[in-house]
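**Student:** The following block contains the structure, expressed as structure tokens.
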């Protein structure tokens, strides 16, 4: 995920990385660490005085929202749910279990937003495969390998509590499926997407009535006035024959729930079948009802079997448990032996990065929600990128998180070597060819994954043993819109009609739902499927099959199942990051007369992209025609200030005058013309971005004038341009007119540390070189971005491609992807609001270029990740930001080497002068060596205040290993020069 927005300045704050980035300031001292996380079980601290009439017995609740959650965004519309207002720092949203037992309404938990100080932690939920730490500032992390949960239970109706702790072994397994559960049939695996229920409700008279409804809304024991639909509702109109004249009452209670229809999407067929046999297996039915349900086999994950607070459970030994009876004598009656879990106690087996294993209470751990992209754990398969020419799959044996080094096993030789984690690729993104070869979501597998097993002697087809393919695709009907014009639509409408028909016919036809099967221990028909329960240090994987059998397999015989719910969530994220509407919104506009920036009235309809651009006569001898340009409405012309010549647009690109005849001969002119301009400020970017951000003048120590122009039009586009082979855009008059003004602004307003090159033969292409600003991890490093303007420009934003030179070792910045994507709302690659997205009237190429320097290449780039800004100043934010800065610094030193070894086309003289002639390469090497020496002298007392001011105060051992390799190559370049 990424995102960055750029718009006008607002109280010294800029939008970047889908979060607000405060302008560079010394970090504040760390705030108190976060106390709670989602799904924590908490208890409200009782009031001090028992005589307080408002005091109550302490009750447990579940944390539903936390102020620090990266994905927690409260709705902007008015909210009726008290839990949905925006959270302030230190607040959590909690759903309390039965806060007021005397209240007749038990339909929902009591939902409140409270300060963390009012709560105490009772239990913390973990699942196998989750990552954890001891504390937020602990560098070492672990992976959960197993959990065991005990629970306290009470009857859902009477509230009678059972003595002691209940264990999983005492509970009966359910014989029905819920949404998200896997089921198998005829060697296919599917997933339940939707349910249709028939609910038995005890009403105020004691009678039991039947309520059919779509979706699993109710649970046994829930009580309240919203159990039944109001008399005027659609449901009541449809099922009046069942509901009669019954009106909702606070005492209405759900006493039984039956799933009468399952909607199942079938994801994939067994990989153990021969191809011909698999082809012959037809996809099973979409809807399942009645006795056909007994043909399905329910597959539950190991973690799903564990108890959670709020779960409804039943016991194997039902004779000894409390029971309540409901219904009138002589009529339908229901016995309830269902209990709810009111408190849990979780024990967790942990495998730490250094290989240590231990079992602890879950409350002694915290979730590790934002793992570093280099984090890995024993048994993980990763790619080791020691050099561009040396990439190999290795297996992690242990990790020293403090030093950022790892012991890795080389399978081909059996040797164990020491590697810097900054050279490890745990996700496989460095092997682009293999990523395109097969669908996958990275390297290896994780505990909790469901996998297909290929027959012995066969493989999954991957050319890279560590890369496990992924299969499974939800059927198209799953994506049907739930409503159209306020009415049920798609498969839900069909399902609802089917469920309603069953409800009408049930009594007459004695319809009964068959219990779903559960795999027996001696049933080996499902050995083609298993759940990952352990990962071994030799790279093999331990699977637990549906019948409980445990087997070990090499990765080459395994293929991942792509969960259907995950697919729908991935679709949603893709829509958020890619899809948004570009809307016009007034901020600042750029005038035609010289490209000056001026504030616009919010109602202004001025759109410079829609104007006709007329030729103007050369009345002032400037090389251009027409009035002398004015700056921000000032009557002082540009020519009053000391001026320097700047190349601008080739004259043949200028649009013809409106009144000029097409056949009127034009005078002979040079290929390019020059105007003299002074540098203009741009009010929509940070001031420190438009000023030269480098520590020294780019002219070198002697302050010599730069030997190049910040903006220049070259004769031809270089062949290494990312869009060189794309079909050229056919320039319209509007396109060329706008381009003329864009060129004017670039010629006058670019800071010294940004170079832009345009091309006479390809007016749709540009290339920019941005030098990393001072006291950022990117200091002195070159960042090259190729740009393309499509035929709809300026009504669509420019298209950017970042030349990433990280050698597959991860992103150098959250907004700059290895595959070239530049994530900025102004470019339409992230969903910003209307203040931030591209606007043809008020956005410009200059704005995009300077935004990257001022909002992306910043001192603390980790906070460019969506919603991480809220962690600024916290211990978690400080630790993660420091680790990210080290990575960004080390990788960007490699950018210097790459630019010198293979300079980007059209920028060869500038690269040569910048790094060799001006001595900047010496500075890069000397600064890096000094940092290494400072980092090695760990015994010296660090100056905390100085370290806080520096973007990269010191390096880890792993950072030094990787940086040493780069410095050796930079020194070779210096010697050759």
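**Student:** With the requirement that a residue be in a strand (DSSP E or B) and over 21 Å from residue 379 (Cβ atoms), what does region 137-151 give you?
**Tutor:** Once the filter is applied, which keeps residues that are in a strand (DSSP E or B) and over 21 Å from residue 379 (Cβ atoms), region 137-151 yields 148, 149, 150, 151.
**Student:** The conditions are (1) modelled with pLDDT under 95; (2) crowded, with 16+ Cβ neighbours inside 10 Å, and residue 207 fails exactly one of them. Which is it?
**Tutor:** With (1) modelled with pLDDT under 95; (2) crowded, with 16+ Cβ neighbours inside 10 Å applied to residue 207, the lone miss is (2).
**Student:** In region 398-429, how many residues are in a loop (DSSP other than H, G, I, E, B) and over 27 Å from the mean Cα position of the chain (by Cα)?
**Tutor:** Total meeting the criteria: 5.
**Student:** For region 724-756, how many residues are more than 20 Å from residue 843 (Cβ to Cβ) and in contact with a strand residue (DSSP E or B) (Cβ under 7 Å, 6 or more places away or on another chain)?
**Tutor:** Here the count works out to 3.
**Student:** Still on this structure, please answer the following. How many residues are within 15 Å of residue 948 (Cα to Cα) and part of a helix (DSSP H, G or I) when one looks only at region 862-883? Let's see the steps before the verdict.
**Tutor:** Within region 862-883, the subset within 15 Å of residue 948 (Cα to Cα) is 872-875, 877-883.
Narrowing further to those that are part of a helix (DSSP H, G or I): 875, 877-883.
Matching residues across region 862-883 total 8.
**Student:** With respect to residue 831, is the statement that it is assigned by TED's automatic domain parsing to the domain that holds residue 949, more than 19 Å from residue 783 (Cα to Cα), assigned to a loop (DSSP other than H, G, I, E, B) and touching a strand residue (DSSP E or B) at 6+ places or on another chain (Cβ under 9 Å) true?
**Tutor:** The answer is no for residue 831.
**Student:** A follow-up question, please. Exactly one of (1) within 19 Å of residue 861 (Cα to Cα); (2) surrounded by 24 or more Cβ atoms within 10 Å (Cβ to Cβ) is unmet by residue 794. Its number?
**Tutor:** Answer for residue 794: the failing condition is (1).
**Student:** Scan (1) modelled with pLDDT of 95 or more; (2) out of contact with any helix residue (DSSP H, G or I) (no Cβ under 6 Å at 6 or more places or on another chain); (3) in a loop (DSSP other than H, G, I, E, B) for the single condition residue 895 breaks and write down its number.
**Tutor:** Tallying (1) modelled with pLDDT of 95 or more; (2) out of contact with any helix residue (DSSP H, G or I) (no Cβ under 6 Å at 6 or more places or on another chain); (3) in a loop (DSSP other than H, G, I, E, B), residue 895 fails exactly one: (3).
**Student:** Based on this model, can you work out whether residue 947 counts as under 24 Å from residue 420 (Cβ atoms), out of contact with any helix residue (DSSP H, G or I) (no Cβ under 9 Å at 6 or more places or on another chain) and at pLDDT 95 or above?
**Tutor:** When the stated conditions are applied, residue 947 does not pass them.
**Student:** How many of the residues making up region 210-232 are assigned to a loop (DSSP other than H, G, I, E, B) and either surrounded by 19 or more Cβ atoms within 10 Å (Cβ to Cβ) or under 38 Å from the mean Cα position of the chain (by Cα) (or both)?
**Tutor:** Selection size over region 210-232: 12.
**Student:** From 268, 272, which residue is farther than 25 Å from residue 492 by Cα and either surrounded by 18 or more Cβ atoms within 10 Å (Cβ to Cβ) or modelled with pLDDT of 90 or more (or both)?
**Tutor:** 272
**Student:** Between 420, 389, 430, 362, which is at pLDDT below 90 and touching a strand residue (DSSP E or B) at 6+ places or on another chain (Cβ under 8 Å)? Before the answer, list the steps.
**Tutor:** Values: 420 fails: at pLDDT below 90; 389 fails: touching a strand residue (DSSP E or B) at 6+ places or on another chain (Cβ under 8 Å); 362 fails: at pLDDT below 90.
Answer to the check: 430.
**Student:** Right, here's the next one. Here is a check on your reading of the model: is residue 69 under 28 Å from the mean Cα position of the chain (by Cα) and either outside any strand (DSSP E or B) or modelled with pLDDT under 65 (or both)?
**Tutor:** Spelling it out, residue 69 is indeed under 28 Å from the mean Cα position of the chain (by Cα) and either outside any strand (DSSP E or B) or modelled with pLDDT under 65 (or both).
**Student:** Could you grab me the full set of residues in region 301-337 that are outside any loop (DSSP other than H, G, I, E, B) and either surrounded by 14 or more Cβ atoms within 10 Å (Cβ to Cβ) or more than 44 Å from the chain's Cα centre (by Cα) (or both)?
**Tutor:** Across region 301-337, the qualifying residues are 302, 303, 304, 312, 313, 315, 324, 325, 326, 334, 335, 336.
**Student:** Among the residues of region 99-109, are any at pLDDT 85 or above and either in the same structural domain as residue 58 (by TED's automatic domain parsing) or over 25 Å from the mean Cα position of the chain (by Cα) (or both)?
**Tutor:** Within region 99-109, the subset at pLDDT 85 or above is none.
No: region 99-109 contains no residue that is at pLDDT 85 or above and either in the same structural domain as residue 58 (by TED's automatic domain parsing) or over 25 Å from the mean Cα position of the chain (by Cα) (or both).
**Student:** Among the residues in region 806-821, are any in a loop (DSSP other than H, G, I, E, B) and farther than 30 Å from residue 882 by Cα?
**Tutor:** Filtering region 806-821 down to residues in a loop (DSSP other than H, G, I, E, B) leaves 806-812, 814-815, 817-821.
Those still in the list that are farther than 30 Å from residue 882 by Cα too: none.
No, because not a single residue in region 806-821 is in a loop (DSSP other than H, G, I, E, B) and farther than 30 Å from residue 882 by Cα.
**Student:** Another one. Report yes if some residue within region 343-357 is closer than 30 Å to residue 129 by Cβ, within 31 Å of the chain's Cα centre (by Cα), free of Cβ contacts under 8 Å to residues at least 12 places away in the same chain and not in a strand (DSSP E or B); otherwise report no.
**Tutor:** Yes; the residues of region 343-357 include at least one that is closer than 30 Å to residue 129 by Cβ, within 31 Å of the chain's Cα centre (by Cα), free of Cβ contacts under 8 Å to residues at least 12 places away in the same chain and not in a strand (DSSP E or B).
**Student:** Turning to a different aspect of this structure: Within region 844-861, take every residue that is in contact with a strand residue (DSSP E or B) (Cβ under 9 Å, 6 or more places away or on another chain) and in a loop (DSSP other than H, G, I, E, B) and give me the one that is farthest from residue 812 (Cα to Cα).
**Tutor:** 844
The values are calculated or read from the model by the stated rules, or taken from the named source; none is laboratory data. This is a predicted model, so every value here is computed, not measured. Neighbour counts are summed over all protein chains in view; Cβ atoms, including those assigned to glycine, are modelled from backbone coordinates with ideal geometry.
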